[in-house]
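Student: Here it is: the structure, laid out below.
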Amino acid sequence: MISLEELQLAARNHGLPLEALQQPITPTGLHYLLIHYDIPFVDAGSWTLTVDGAVERPLRLTLEELLARDAVEHAVTMECAGNGRAFLDPHVVSQPWLRDAVGTARWRGAALRSLLDEAGPHADAVDVAFTGLDRGVEAEIEQAYARSVPLDEARRDDVLLAYEMNGAPLLPQHGYPVRLVVPGWYGMTNVKWLSRITVLAEPFDGYQQTRAYRMRADDTDEGTAVQRMVPRSLLVPPGIPEFLTRARTLAAGSCVLRGRAWSGHAPIERVDVSVDGGATWQPARLDPDELGRWAWRGWSSDWDAGPGTWRVGSRARDAAGNEQPLDPTWNVGGYANNAVQWVDVTVA
Ligand SMILES: Nc1nc2c(c(=O)[nH]1)N[C@H]1C(S)=C(S)[C@@H](COP(=O)(O)O)O[C@H]1N2
Ligand SMILES: [Mo]
């Protein structure tokens, strides 16, 4: 089912251990990781960030200059677009994510908008490309990792050039010294080891934009670019796991099921919980909204667990009416599979 090549990717790029969903802010070492090529070794002393392309005044900043600018901080839930891929049938060969390619961190940095305003995009500018220092080969094309964001979206007040994660400088694996953070968009948008920002008068045509990260029904379909996160909720697996199968065992009695839910389209409006594999659902309580719009929302639901075997799951819905499906829709890249997570629990 999963090849050694996929295992090689999975061992480099780890997910969030789901018990860590108990914490509103993910400790940095537990945050998921996705790195296409190698983690580049970056000397912060000689690192610079270039802003060029269709602008009046191209800029070049040192790290010191970026750190001296006004800082902005947001708690942001980041999720890989491939989260849930391993559950798709037919199998999609790539990083074989289960459902744990997610994490929430406090990202602090300079507002991208102020830099763009200073550079002065030309009147015909439409897109902004972000290029990292990491290089590799994908589909036989040698490339630096690069993605773009439409100019209107790049100008949002909450888009960051982040140099701190959870109060400390970025770790090498999370993009040291500076990465892009676009709250609400899937992970691939947030270019790490950022070195160049290029304003464009036509849509960016890089590999990660026009070939990868597109929702395509089949090989002939040009598809649409993957952008915002669709709603998902995950639950803290109840009870204790068996070592190999990770099947859960729980003591009978009253218990509180907990989890977190998020959507890049609109705030989470409701979460429903089922303990019988979807035969019946009951609304969960939403925790106070303490982390703001761009972070996941905690929820809880009381359960009087009687002896037997149960199938526990949760289903989120956002204020734009998007709801998690029970079954995934297959696509070529295996993106955005937000089907409901089921956890089998034996109550003894
Ligand atoms: N330069 C660069 N940026 C990158 C990537 C990469 O491989 N290279 N991976 C992207 C993808 S696919 C994801 S999901 C997120 C993961 O961020 P994290 O590892 O900090 O969780 O980074 C994005 N930014
Ligand atoms: Mo990703």
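Student: His14 versus (1) closer than 30 Å to Leu151 by Cβ; (2) in contact with a Phe, Trp or Tyr (Cβ under 8 Å, 6 or more places away or on another chain); (3) assigned to a loop (DSSP other than H, G, I, E, B): which is the lone unmet condition?
Tutor: For His14, the failing item is (1).
Student: Name the one entry in Val226, Val191, Val199 that is touching a Pro at 6+ places or on another chain (Cβ under 6 Å) and either away from ligand 1 (no atom under 16 Å from the Cβ) or open to solvent by less than 20 Å² (accessible area, probe 1.4 Å) (or both).
Tutor: One residue alone meets the criteria, Val199.
Student: Also, quick follow-up: Of the numbered conditions (1) without any contact (Cβ under 8 Å) to a residue 60 or more places away in the chain; (2) closer than 22 Å to Thr198 by Cα; (3) among the aliphatic types (A, V, I, L, M), Leu161 fails exactly one; give the number of that condition.
Tutor: Every listed condition holds for Leu161 apart from (1).
Student: Would you mind telling me which numbered condition in (1) within 16 Å of ligand 2 (Cβ to nearest atom); (2) under 23 Å from Arg216 (Cα atoms); (3) open to solvent by less than 20 Å² (accessible area, probe 1.4 Å) Asp127 fails?
Tutor: Among (1) within 16 Å of ligand 2 (Cβ to nearest atom); (2) under 23 Å from Arg216 (Cα atoms); (3) open to solvent by less than 20 Å² (accessible area, probe 1.4 Å), the lone unmet condition for Asp127 is (1).
Student: Of the residues that sit in region 202-223 and are hydrophobic (A, V, I, L, M, F, W, C) and away from ligand 1 (no atom under 13 Å from the Cβ), which one is surrounded by the fewest Cβ atoms within 10 Å (Cβ to Cβ)?
Tutor: Per the criteria, the residue is Ala217.
Student: How do the pairs read when you match residues in region 112-129 that are modelled with pLDDT of 95 or more with residues anywhere that are polar (S, T, N, Q) and open to solvent by less than 10 Å² (accessible area, probe 1.4 Å), using Cβ under 9 Å and keeping only pairs 6 or more apart or on different chains?
Tutor: That search, which allows pairs on different chains as well, returns Asp127/Ser148; Val128/Ser148; Ala129/Ser148.
Student: Name the single residue, out of those in region 160-193 being of a type in the set (A, V, I, L, M, F, W, C) and within 16 Å of ligand 2 (Cβ to nearest atom), that is nearest to Asp38 (Cα to Cα).
Tutor: Trp193
Student: Can I ask one more? From the list Arg12, Arg99, Arg106, Arg57, pick out the single residue that is within 16 Å of ligand 2 (Cβ to nearest atom) and either touching a residue at least 60 places away in the same chain (Cβ under 8 Å) or not assigned by TED's automatic domain parsing to the domain that holds Glu153 (or both). Reasoning before the result, please.
Tutor: Details: Arg12 fails: either touching a residue at least 60 places away in the same chain (Cβ under 8 Å) or not assigned by TED's automatic domain parsing to the domain that holds Glu153 (or both); Arg106 fails: within 16 Å of ligand 2 (Cβ to nearest atom); Arg57 fails: within 16 Å of ligand 2 (Cβ to nearest atom).
Matching residue, one of Arg12, Arg99, Arg106, Arg57: Arg99.
Student: Pairs, please: C-beta under 6 Å, at least 6 apart or cross-chain, first residue more than 16 Å from ligand 2 (Cβ to nearest atom) and in region 35-49, second polar (S, T, N, Q)?
Tutor: Thr48/Thr62
Student: Name the single residue, out of those in region 327-347 being in a loop (DSSP other than H, G, I, E, B) and among the hydrophobic types (A, V, I, L, M, F, W, C), that is farthest from Thr245 (Cα to Cα).
Tutor: Val332
Student: Of Asp38, Asp43, which residue is surrounded by fewer than 17 Cβ atoms within 10 Å (Cβ to Cβ) and under 30 Å from Met215 (Cβ atoms)? Steps first, please.
Tutor: Numbers: Asp43 fails: under 30 Å from Met215 (Cβ atoms).
The match here is Asp38.
Student: A further question follows. Could you list, in sequence order, the residues of region 138-159 that are within 16 Å of ligand 2 (Cβ to nearest atom) and either in contact with a His (Cβ under 6 Å, 6 or more places away or on another chain) or at positive phi (or both)?
Tutor: If the condition is that a residue be within 16 Å of ligand 2 (Cβ to nearest atom) and either in contact with a His (Cβ under 6 Å, 6 or more places away or on another chain) or at positive phi (or both), then Tyr145 is the only one that fits.
Student: Search region 90-109 for residues being open to solvent by 10 Å² or more (accessible area, probe 1.4 Å) and assigned to a strand (DSSP E or B), and hand back the single one that is nearest to Ala68 (Cα to Cα).
Tutor: Arg108
Student: Give just the number: which of (1) surrounded by 13 or more Cβ atoms within 10 Å (Cβ to Cβ); (2) acidic (Asp, Glu); (3) more than 28 Å from Val226 (Cβ to Cβ) does Glu269 not satisfy?
Tutor: Only one criterion in (1) surrounded by 13 or more Cβ atoms within 10 Å (Cβ to Cβ); (2) acidic (Asp, Glu); (3) more than 28 Å from Val226 (Cβ to Cβ) is unmet by Glu269, namely (3).
Student: Looking for something within 14 Å of ligand 1 (Cβ to nearest atom) and out of contact with any His (no Cβ under 8 Å at 6 or more places or on another chain) - is there at least one such residue anywhere in region 117-125?
Tutor: So far as region 117-125 goes, no, none of its residues is within 14 Å of ligand 1 (Cβ to nearest atom) and out of contact with any His (no Cβ under 8 Å at 6 or more places or on another chain).
Student: For region 60-69, check the following and say yes or no: at least one residue is in a loop (DSSP other than H, G, I, E, B) and either touching a helix residue (DSSP H, G or I) at 6+ places or on another chain (Cβ under 6 Å) or among the polar types (S, T, N, Q) (or both).
Tutor: Residues of region 60-69 that are in a loop (DSSP other than H, G, I, E, B), as a first pass: 68-69.
Applying the additional criterion that residues be either touching a helix residue (DSSP H, G or I) at 6+ places or on another chain (Cβ under 6 Å) or among the polar types (S, T, N, Q) (or both) yields none.
No, the conditions are met nowhere in region 60-69.
Student: Is at least one residue of region 61-79 within 16 Å of ligand 2 (Cβ to nearest atom), open to solvent by 10 Å² or more (accessible area, probe 1.4 Å) and under 30 Å from Leu257 (Cα atoms)?
Tutor: no
Student: A further question on this structure: Would a scan of region 205-214 turn up a residue that is in the same structural domain as Ala20 (by TED's automatic domain parsing), among the aromatic types (Phe, Trp, Tyr) and more than 16 Å from ligand 2 (Cβ to nearest atom)?
Tutor: No, region 205-214 contains no residue that is in the same structural domain as Ala20 (by TED's automatic domain parsing), among the aromatic types (Phe, Trp, Tyr) and more than 16 Å from ligand 2 (Cβ to nearest atom).
Student: Can I ask one more? Return yes or no: is Val149 over 17 Å from the mean Cα position of the chain (by Cα) and in a strand (DSSP E or B)?
Tutor: In short, no.
The values are calculated or read from the model by the stated rules, or taken from the named source; none is laboratory data. These numbers were taken from a predicted model, which means no experiment stands behind them. Glycine gets a Cβ as well: all are built from the backbone with ideal geometry, and neighbour counts include every protein chain shown. Protein only, heavy atoms only, side chains kept; ligands, DNA and RNA dropped before computing areas. Shrake-Rupley method; radii C 1.70, N 1.55, O 1.52, S 1.80 Å.
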